[in-house]
There are 10 protein chains.
Amino acid sequence: MLFHVRMDVQLPPGMPADQAAQLKADEKALAQRLQEEGKWRHLWRIAGQYANVSIFDVGGNEELHALLMSLPLFPYMKIDVTPLCRHPSSIRTNDF
Amino acid sequence: MLFHVRMDVQLPPGMPADQAAQLKADEKALAQRLQEEGKWRHLWRIAGQYANVSIFDVGGNEELHALLMSLPLFPYMKIDVTPLCRHPSSIRTNDF
Amino acid sequence: MLFHVRMDVQLPPGMPADQAAQLKADEKALAQRLQEEGKWRHLWRIAGQYANVSIFDVGGNEELHALLMSLPLFPYMKIDVTPLCRHPSSIRTNDF
Amino acid sequence: MLFHVRMDVQLPPGMPADQAAQLKADEKALAQRLQEEGKWRHLWRIAGQYANVSIFDVGGNEELHALLMSLPLFPYMKIDVTPLCRHPSSIRTNDF
Amino acid sequence: MLFHVRMDVQLPPGMPADQAAQLKADEKALAQRLQEEGKWRHLWRIAGQYANVSIFDVGGNEELHALLMSLPLFPYMKIDVTPLCRHPSSIRTNDF
Amino acid sequence: MLFHVRMDVQLPPGMPADQAAQLKADEKALAQRLQEEGKWRHLWRIAGQYANVSIFDVGGNEELHALLMSLPLFPYMKIDVTPLCRHPSSIRTNDF
Amino acid sequence: MLFHVRMDVQLPPGMPADQAAQLKADEKALAQRLQEEGKWRHLWRIAGQYANVSIFDVGGNEELHALLMSLPLFPYMKIDVTPLCRHPSSIRTNDF
Amino acid sequence: MLFHVRMDVQLPPGMPADQAAQLKADEKALAQRLQEEGKWRHLWRIAGQYANVSIFDVGGNEELHALLMSLPLFPYMKIDVTPLCRHPSSIRTNDF
Amino acid sequence: MLFHVRMDVQLPPGMPADQAAQLKADEKALAQRLQEEGKWRHLWRIAGQYANVSIFDVGGNEELHALLMSLPLFPYMKIDVTPLCRHPSSIRTNDF
Amino acid sequence: MLFHVRMDVQLPPGMPADQAAQLKADEKALAQRLQEEGKWRHLWRIAGQYANVSIFDVGGNEELHALLMSLPLFPYMKIDVTPLCRHPSSIRTNDF
């Protein structure tokens, strides 16, 4: 089932540059693996912000929480989750 | 280019049932045509609310506004638009 | 899986008393049936408000939305949904 | 009587890892003891957040405050308390 | 135990004057009876607003809700409840 | 005249424990003296929060501000002041 | 003593024009009398809004509330009151 | 022309006391000079807060911004500006 | 001098179509005349909303308020005014 | 196409003065180059705040995000983007 997730990233101002770079590289690697597995279905940048809108396709709340907790940037993100379902006007049969 | 649009519908309490039904039918017909044309790329219901999250793929701000204005439910919706762009960690080449 | 749902009811001031009474009776009957079926696991009144906090136990987002949409008071409620999962410190094995 | 309590945890970024681990272990031990005693009736994680929704069953405001103050993570939590009471549509006789 | 209650009154603009007057008279009569019984311990007007701050002394959440629900103006008020307890710096032994 | 004052305390995370203890002891001593003088008429703890609701009885805005400024915890508090007056339904003649 | 008062006016859309005109004329007459008496010390329009910022000089909370309640537009205004006092950097001796 | 300006001061917790004292002394000196020049027409303390409400009388937006930028406490203040104009019910001819 | 003005339009649901059309035509005629006179320097539609962002170039607060008050849609708009001034990094000498 | 962008700058309190000066100089140089290229069409200071309102004229969301990300002050700014389009009442043919 699908969940709409918005993540706003806020790294501490004093974080050393190489630590930040490592975190971002780890985050990217995991994000790409989860996309390849189909769990992280969409990932968009919000124009002008260090934030993203994502659509996750998971088995339920537990799996979603486990995925989000596993993100290297989790401790530095404000995360809002909105459960989605099929819209009666949608013409797509695989988009929910 | 992509835009994230959230629409919250609020029909006036006193609207006659057949007028509401006609509005919804017209809205659905147009929504499905715009999906078929590829302009309205995703359309999801927010669980528990008379609201949706949509992704539009249009040529720009002007086209987006014209599409939204043409919706039969436009006068009864609160609409929030967020411009999206490609996320550097996205593995998809056609999702922006 | 569990969802935390808060519902704030706001009946239109001009609704006839018998219509309101019928709506509430229908709502109560359905709420009790859903409780008996185990779908609506908890239902509490918020002190001082015409509002409740509920815990639903459903198969997923789709079922939750269908249940909420079927409530007679749905058109008159503001509903907020929060997906829950098991807390690592919980001692209960059947409370999620 | 029942109280709905939401706790959002925010540990200071610079807290040493072992201090954080000790705090969490102490918190967990106390949370489990209070659950066993029946004071902390429900404890759920909010999906995607370092936050929980809890239901406490205590003698009153004083006992609730004393319990919350005794939590090792209390200085690092934003806590919101909502008093609950029995909902007239509830079918349960022991859930308030 | 004590509860801090703020009530903001909003009568519908079209309510007939005599209906409003009757409501207010009934509200006043009940408010005074509850004060005499010691349930409604303090009742203050907020300067410049059709609103009050009140302190209720009741047996618990259930009694508080029943009292508030019984107020003639209940359908026209926005009510916020905050549970209070004894402050460790208070010098009074009967003010909680 | 009466003022409703809410104070939310937020001590800096890095404040040494003995400095915090001294501040709190000084605050308590002053709070108790002001209560004995009748200036600080009520002082309640908000359940679950490091915050209080207070009622001050002072000659006016100037005296209120001077008292609040003199509190040792003043630099660490968010303070909201609401002027109160007698409620027409109050049965008490000395509670305003 | 001085109070800062902001008033936002919202007349019901369906109010007859002559009733609105009469209300405004009465409001103006009273506002001018209170200014002449020195109670309503300043009265400014907020640019672009049907709202004002005012400074009242009254004996206390009770007098302020009585004055505001007596305004013909009171039922149609959202009013926010902020108690003021002398600023230590003010060079004026009669401006508080 | 007149502008309503609210300033909320927030000095960093770790600022040395003598630096804070110097800043405040410089602020006071400039505030008093601007009052003497008639640019800073009113300056009031908000009761219970390290904040003020001020009325500036300047030639326009540019002059207002230059004055506010020149305040020694500017980097530590949250500032909200509201343009004012003459109220049609004002009896004063020099208060705008 | 320049002011940033945001206007959100909300026509009453029950307004007759011809009255709405007349209002909009009058609004358009005046908006175009003010643009020709150089008072209303920019006028943009916000994508997806019945709202605009405008830049006014007027002599001051009084003229701005008079212009806004004269708009036929004024009673149906929520208006927010922000005074602007020249930015030190602007390369334009006529854009403030 | 045009985008309305508001930027609120917040430099960390402890940033060395020369680092801040260098950042601002770099920001100014880039802002001026982008204005000369026509990408950054308007740039205004908000009176009383370390913030600006800007109008960008770019090919779309991607270009806007790339420009904003390239600003030296980007890590220290809160940025809000609003897509604009031509207003039907605008008399200008090149202002969108």
> Roughly how large, in nm² to one decimal, is the mean projection of the convex hull of the alpha-carbon atoms in region B:2-84?
Replying inline: 5.4 nm²
> Hey, with R₀ at 25 Å, roughly what FRET efficiency would B:Lys28 and C:Lys78 work out to, going by the Cβ-Cβ distance, to 0.05?
Replying inline: 0.55
>> Angle check, please: helix F:17-36 long axis (alpha carbons) against the longest principal axis of chain F (alpha carbons), in degrees 0 to 90, nearest 10.
In response: 20 degrees
>> Within 10 Å of each Cβ in J:14-21, how many Cβ atoms from other chains are there, averaged over the peptide?
In response: 1
> Just which residue of chain C brings its Cβ nearest the axis of rotation onto chain J, and by how many angstrom, rounded whole?
Replying inline: C:Asp80, 12
> Roughly how crowded by other chains is peptide I:59-68, in terms of the mean Cβ count from those chains within 10 Å of each of its Cβ atoms?
Replying inline: 6
>> Just to be sure I understand the model, the point goes 7 Å from the Cα along the line to the Cβ. What's the resulting I:Met69 to F:Lys39 distance in nm?
In response: 4.5 nm
>> For chain I, give me the percentage of DSSP beta bridges that are antiparallel, rounded to the nearest 5 percent.
In response: 100 percent
>> Suppose every Lys and Arg Cβ carries +1 and every Asp and Glu Cβ carries -1, with no other charges. What dipole size does region J:2-84 come out with about its Cα centre, to the nearest 20 debye?
In response: 220 debye
> Got the relative contact order for chain E handy, in percent, Cα pairs under 8 Å and 6 or more residues apart?
Replying inline: 47 percent
>> Using C-alpha positions alone, give me the convex hull volume of the protein assembly as shown per residue in cubic angstrom.
In response: 188 Å³
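Only the coordinates and a few stated rules stand behind these numbers; no lab work does. These numbers were taken from a predicted model, which means no experiment stands behind them. In this analysis, Cβ positions are derived from the backbone assuming ideal geometry, glycine residues included, and neighbour counts consider all displayed protein chains.
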